[in-house]
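The block underneath contains the structure these notes are about, expressed in structure tokens.
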Amino acid sequence: METKAYMHPAHGFTLVEVMVGMVIGMIGMIVMMQVFLVSDASKRISSGGGDAQTNGTGALYALQRDLRQSGNGISQNGNDISVQSLMGCSLALPSGATLALLAPVQVNAAQIPAGDAATDTLLIAYGSGAGSPDGDVIVSQPSTPTYVVTVPLSFKVSEWVVALPSSMAPCALTLEQVQVRSIGSEVTVTAGVTNATGGILFNLGPAPRVLAYAVRGGKLTVCDFMVADCSNSSLISDPTVWVVLASNIVSMRVQYGRDTTAAMDVMVDTFDQVTPGSPADKSGLPVRCAVARVLAVRLVLVARSGTFEKTEVTSIAPVWAGSATTPVDLSALPAWKNYRYKSFQNLVPLRNRLTAGVPKGC
């Protein structure tokens with residue numbers, strides 16, 4: 001018998017095959033990582049841009065809404081008082097604060113604590129009354145808090161009113177609440193002012209607003225003068241006083257749209273930040289007339305993405321119509337070039353001022 005040897009086939013891989021497989025696997029992993037990184041970067045850009053878009057759009061909408069209502073109830077023109085007006089007066093508020101200047105809009109009002117570096121503040125005032133913006137004539141004054149008016153049905157209990165005497169120097173007014181409205185022609189308020197006969201009683205409605213806006217800590221915040229003293233700098237860190245309206249808002253710049261024509265024609269001629277009636281205002285007009293010449297507001301909000309980029313992704317800050325070719329100053333922000341930005345700007349006509357026309361004597 002013959003004995004035959006059988007060779008069993010070898011099993012497994014050679015070293016060369018293993019190394020080739022490892023190289024192919026590593027190339028595949030590198031490709032997948034590259035795809036992941038590109039996808040992640042695209043996602044961060046998209047989500048960051050989406051966040052900035054949402055924050056900026058919402059903040060601009062809120063500002064525009066209040067600006068369009070600004071001056072409601074205080075931009076009167078048709079009354080017989082040729083030398084007095086609510087605009088330009090000081091106004092004591094129920095919060096205990098006193099508004100140094102009553103105007104539909106104020107940019108960088110002196111009594112509002114400054115916001116972040118290179119940002120502006122905005123103060124907006126308006127009423128919510130449904131009656132005539134020209135107010136009602138005070139026929140007589142039986143007692144200090146009681147006024148006899150021509151149209152008493154224009155006033156309701158709990159509404160906020162301002163009595164403007166026919167002559168008051170200086171012009172210091174008080175916002176008061178209606179306590180009693182008799183069946184006759186009498187309207188009784190909290191305290192009242194003396195010598196109001198022949199003056200005007202203005203109804204600012206059940207919910208007048210005096211709102212201060214400022215960018216603080218990269219957030220757009222708002223404070224209501226009706227419930228707190230927004231001029232108190234010790235309250236700027238109190239979130240119940242300065243309420244956050246939108247996050248990642250790093251700049252707000254605002255300009256007045258002013259009618260500078262000698263004979264007021266209710267057309268915007270120039271944009272600036274000169275406070276009406278201040279020493280910097282060279283018009284020489286009474287304060288009420290200087291305030292009345294502000295017919296529009298031009299503003300920009302700059303929103304930032306919430307994602308910090310490892311590399312500088314922004315080389316030039318956004319520009320806007322109010323700065324021509326000069327970018328908005330973002331230099332006070334740490335590593336500002338490592339974020340992405342969107343700017344939101346608009347020109348808002350002050351419709352309550354425009355409809356009031358040219359005030360008497362201006």
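For the reader, a short list of remarks on this structure follows.
- Ser278 falls short on exactly one of the conditions (1) touching a Ser or Thr at 6+ places or on another chain (Cβ under 9 Å); (2) surrounded by fewer than 18 Cβ atoms within 10 Å (Cβ to Cβ); (3) within 30 Å of Tyr126 (Cβ to Cβ); (4) not charged (D, E, K, R), and that condition is (1).
- Residues satisfying the stated conditions in region 143-162, i.e. assigned to a strand (DSSP E or B) and closer than 11 Å to Val187 by Cβ: Thr146, Tyr147, Val148, Val149, Val161
- Residue within region 231-240 that is part of a loop (DSSP other than H, G, I, E, B), under 24 Å from Pro349 (Cβ atoms) and under 18 Å from the mean Cα position of the chain (by Cα) present: no
- Any chance Ser132 is at positive phi, out of contact with any Leu (no Cβ under 8 Å at 6 or more places or on another chain), among the hydroxyl-bearing types (Ser, Thr, Tyr) and not in a strand (DSSP E or B): no
- Condition check for Leu220: assigned to a loop (DSSP other than H, G, I, E, B) and either touching a Lys or Arg at 6+ places or on another chain (Cβ under 8 Å) or at pLDDT 95 or above (or both): no
- When residues of region 174-194 are limited to those that are in contact (Cβ under 8 Å) with a residue 40 or more places away in the chain and not in a strand (DSSP E or B), the one farthest from the chain's Cα centre (by Cα): Ser185
One line per residue, one yes/no per condition, for (1) at pLDDT below 90; (2) part of a loop (DSSP other than H, G, I, E, B); (3) closer than 30 Å to Ala303 by Cα; (4) among the aliphatic types (A, V, I, L, M):
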{"position": "Ile27", "(1), (2), (3), (4)": "yes, no, no, yes"}
{"position": "Val31", "(1), (2), (3), (4)": "yes, no, no, yes"}
{"position": "Leu37", "(1), (2), (3), (4)": "yes, no, yes, yes"}
{"position": "Ser42", "(1), (2), (3), (4)": "yes, no, yes, no"}
{"position": "Ser47", "(1), (2), (3), (4)": "yes, no, yes, no"}
{"position": "Gln53", "(1), (2), (3), (4)": "yes, no, yes, no"}
{"position": "Asp66", "(1), (2), (3), (4)": "no, no, yes, no"}
{"position": "Ile74", "(1), (2), (3), (4)": "yes, yes, no, yes"}
{"position": "Val83", "(1), (2), (3), (4)": "yes, yes, no, yes"}
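- Restricting Leu301, Leu295 to those that are more than 19 Å from Met87 (Cβ to Cβ), touching a Gly at 6+ places or on another chain (Cβ under 7 Å), hydrophobic (A, V, I, L, M, F, W, C) and buried (at least 17 other Cβ atoms within 10 Å of the Cβ) reduces the list to Leu301.
The values are calculated or read from the model by the stated rules, or taken from the named source; none is laboratory data. Since this is a predicted model, take the numbers as computed values, not measurements. As a convention, Cβ positions derive from the backbone with ideal geometry for all residues, glycine included, and neighbour counts pool all protein chains shown.
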